[in-house]
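The values are calculated or read from the model by the stated rules, or taken from the named source; none is laboratory data. Predicted model only: the values in this text are computed from it and were never measured. FYI the Cβ positions are ideal-geometry reconstructions off the backbone, even for glycines, and counts take in every protein chain you see.
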There are 2 protein chains.
Amino acid sequence: MLQYKDYFIWEIDETIEAFMNDTYKKIVDEKEHKVSGYYALGEDSLPIVDTVLEQIASSEFIQKCDTVVVIGIGGSSLGTKAIHSIFKHRHEDAKRMLFLENPDEIDLSQKLATIEKEKTIFIVVSKSGSTIETLSIFKEIISRFSLDYKDKDKHQIIAITDFDSALYKFAQHYGIQTYNIPKNVGGRFSVLSAVGIVPLTLAGYDTKALLNGASMMSKNFFALKEKHLLEKAAFFTTHKEQYPMNVMFSYANCLEDFTKWYVQLWGESLGKIDKEGENVGLTPIGHIGSVDQHSFLQLIMEGPRDKTVTFIKLENFEKKIKIPNITLKFIEKADYINGYTFNELIDGECEATKESIIQQGINVDEITLDKLNENNIGKLIMYYELLTSLCGKILHIDTYNQPGVELGKQILMKKFN
Amino acid sequence: MLQYKDYFIWEIDETIEAFMNDTYKKIVDEKEHKVSGYYALGEDSLPIVDTVLEQIASSEFIQKCDTVVVIGIGGSSLGTKAIHSIFKHRHEDAKRMLFLENPDEIDLSQKLATIEKEKTIFIVVSKSGSTIETLSIFKEIISRFSLDYKDKDKHQIIAITDFDSALYKFAQHYGIQTYNIPKNVGGRFSVLSAVGIVPLTLAGYDTKALLNGASMMSKNFFALKEKHLLEKAAFFTTHKEQYPMNVMFSYANCLEDFTKWYVQLWGESLGKIDKEGENVGLTPIGHIGSVDQHSFLQLIMEGPRDKTVTFIKLENFEKKIKIPNITLKFIEKADYINGYTFNELIDGECEATKESIIQQGINVDEITLDKLNENNIGKLIMYYELLTSLCGKILHIDTYNQPGVELGKQILMKKFN
């Protein structure tokens, strides 16, 4: 279960109610016209899970594999990595996952050095099918491991891409297994498509629960049972001049990659030129508690009042490690926490920080996960995707494209041609 | 060598020149009055290196140790971790470093599980000597490893803290080796004090080169040979309403922790209530290229014009891995990069992204490191510390305190008392 609570300083009057109703109608309309297909991925991707599970059951090679390598960048890796980072220490029998994203030689060398070809599945993910970083890394893998993609090693390779992309044609030509990304699902909204579902299922995570959670959130929202999403979108967008930034403060190290996924989703979707030619958008910032209380909190507390803050909190963690009942001579003042668990400490820090920020008159909201399981993470992903769509709708922009990154790609090509 | 270049869209007229001269005088005055002591750490910390080197030479235990554990959070760990992350894959014989920062049970359990007590030096770092997360984790280590800090294991422990703090008294009482942090050096400015120098020297890094680089930067600045620092500080602060955010875009994975150090330094130093009671500050945001071109770039390019962007670029990397001359059928379009190195690709991406951002009329500057060595990183650290002090001076704030984080600490204590 996910719980939402906001401490926004505003009154929802009739005008805002009407505005939210209008936004709701527009998003229903968008969904019905299939402008984006992510809304239905909770159901649409279930057959992919079954296909992969059958593949695992029938392939001794996959069963023996211990590593799933994802070659992809941006929307092709961030969501998958976020989910893997959350669960990798909760599933003892999950396969190791390696993400080859950046064309950084040191990072790449280190990761490649840990790969045993005979025990690895290589998944190439590129929506456009022509991502230069991804294809270059794939070539390096072919060369380094003498990966015979044309024949005897092709069972170790999977391509995930748009139907009819260059990568699709390549994979089809050599009989490499291929999964398509629905045309109307953009990279940063694609984690619940084959992009995330294939590697995560292969690695051993409960992707059905993930999809069910997402599906539940989407259905509930469209049944008007998650009205807080409309409120939050309305608050964020109508206050965008005043609060151009949203800080996601997550209280668990394993959520760091989730905040990176959120940064891409929010930043790349909402940073756009609107219908009137204006530059609009909201800037996402990710931080981890309690570490970043010792880093970014001062700025939130006393700096310009230009941020909203969203806390992500875990409840009922497995409470295991008690802070030992040890008194250190001269440091007795620190004994107040003895006997509590570290989780109680971090939870207390989250609450204390939240209260102190609210006392400053800063607009805060919080999302509490009662358990860290796939179902809840599926809900959380869909929650943020819906919130992004709602904000985009209100801002009169195309939430799903990214024309601003094209110029850099053209300049890059010219540099090497 | 570090090279600086800015593409700021402004004219430096006589008024700004006078303003910069005035700022320079004020910072000289601040230095002479020893408001902060970090300016001189490049020289002041050299004896610490010698002490540690002697200690290593005379201790068989330290020579045999393979792990340096730093127990600290915020300013007590971020800088040390940043430097370790940059160099760990460049020094084959460096000891492993482990940073125990967040009281996150999963993260903590994982890291603790990799520690072999007999081969580990434990360094407890807390400026105040009473940081609750750090002391709680230290207690857990005492309990889990039966660490006899009173007697037979005390040679494995080092305390780094303010003179006369609770931790100082504790360590002195039991004869645990203690290094002090100069009173006038705050946590986030302390990486070149014992805080960073002791663990990094123990781990095997060239901390003399680090200090020499810092010293050179500081001396050059005060000899008015680094005027770009004054210009940058003047530009950032006089445009703070227009550009409240600075994005540091670093083009190497190993710089990710450095961006986190910068985020603390910049955010916690400049996010303050000024003399007139106004909330001022500049928001730091860290990103890594080329990965985050696929995430945050769209927002920079088409979103609100509220950001300056600083590129950190590495030149003359070890050029090793060539992108193989492989043509993949149907994906021939990606062949333009074949035969170049991955480093050339990432460098090209940095240049292309920079050019595309400049074309949008966004204010950009860049710092180029000709080599990734300790000397250059020492310079870079001092560069950012000086820049922060200059901005703080212009904003009429106390750059070196952090009163805003106290409220949360008080609320936390009440929760457990």
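Look at A:LEU200 and say whether it is part of a helix (DSSP H, G or I), surrounded by 24 or more Cβ atoms within 10 Å (Cβ to Cβ), touching a helix residue (DSSP H, G or I) at 6+ places or on another chain (Cβ under 8 Å) and not assigned by TED's automatic domain parsing to the domain that holds A:TYR384. The answer is yes for A:LEU200. Annotation note: Cβ proximity below 9 Å between a residue of region B:374-390 that is at negative phi and a residue that is outside any helix (DSSP H, G or I) and of a type in the set (S, T, N, Q) (sequence gap 6+ or interchain) occurs for B:GLU385/B:SER36; B:THR388/B:THR399; B:SER389/B:SER36; B:SER389/B:THR399. Would you say B:ASN253 is surrounded by fewer than 24 Cβ atoms within 10 Å (Cβ to Cβ) and closer than 20 Å to B:CYS350 by Cα? Yes. List, please: which pairs have Cβ atoms under 9 Å, are six or more places apart or on different chains, and start with a residue in region A:88-110 that is more than 10 Å from every other protein chain (Cβ to nearest Cβ) and end with one that is in a loop (DSSP other than H, G, I, E, B) and of a type in the set (D, E, K, R)? The qualifying pairs are A:HIS91/A:ASP206; A:ALA94/A:LYS88; A:LYS95/A:ASP66; A:ARG96/A:ASP66; A:ARG96/A:LYS88; A:MET97/A:LYS88.
Reported count of residues in region B:236-267, each being free of Cβ contacts under 8 Å to residues at least 60 places away in the same chain and touching a Pro at 6+ places or on another chain (Cβ under 8 Å), is 2.
When we screen B:VAL195, B:VAL191, B:VAL185 for residues that are part of a helix (DSSP H, G or I), of a type outside the set (Asp, Glu), outside the structural domain of B:GLY378 (by TED's automatic domain parsing) and surrounded by 21 or more Cβ atoms within 10 Å (Cβ to Cβ), the only hit is B:VAL195. All conditions but one from (1) within 12 Å of chain A (Cβ to nearest Cβ); (2) surrounded by 18 or more Cβ atoms within 10 Å (Cβ to Cβ); (3) out of contact with any Phe, Trp or Tyr (no Cβ under 8 Å at 6 or more places or on another chain) apply to B:GLU278; the one that does not is (2).
Only one of the numbered conditions (1) more than 10 Å from chain A (Cβ to nearest Cβ); (2) more than 16 Å from B:LEU192 (Cα to Cα); (3) buried (at least 21 other Cβ atoms within 10 Å of the Cβ); (4) within 22 Å of the chain's Cα centre (by Cα) is not met by B:ILE121, and that is (4). Quick test for you: out of B:SER218, B:SER190, pick the one residue that is under 17 Å from B:LEU2 (Cβ atoms) and within 20 Å of the chain's Cα centre (by Cα). Sole residue among the options that is under 17 Å from B:LEU2 (Cβ atoms) and within 20 Å of the chain's Cα centre (by Cα): B:SER218. Within region B:132-153, being within 15 Å of B:HIS173 (Cα to Cα) and either among the hydrophobic types (A, V, I, L, M, F, W, C) or touching a strand residue (DSSP E or B) at 6+ places or on another chain (Cβ under 8 Å) (or both) holds for one residue alone: B:TYR149. Only one entry of A:ILE197, A:ILE157 meets the criterion of being within 14 Å of chain B (Cβ to nearest Cβ) and over 21 Å from A:ILE27 (Cβ atoms), and that entry is A:ILE157.
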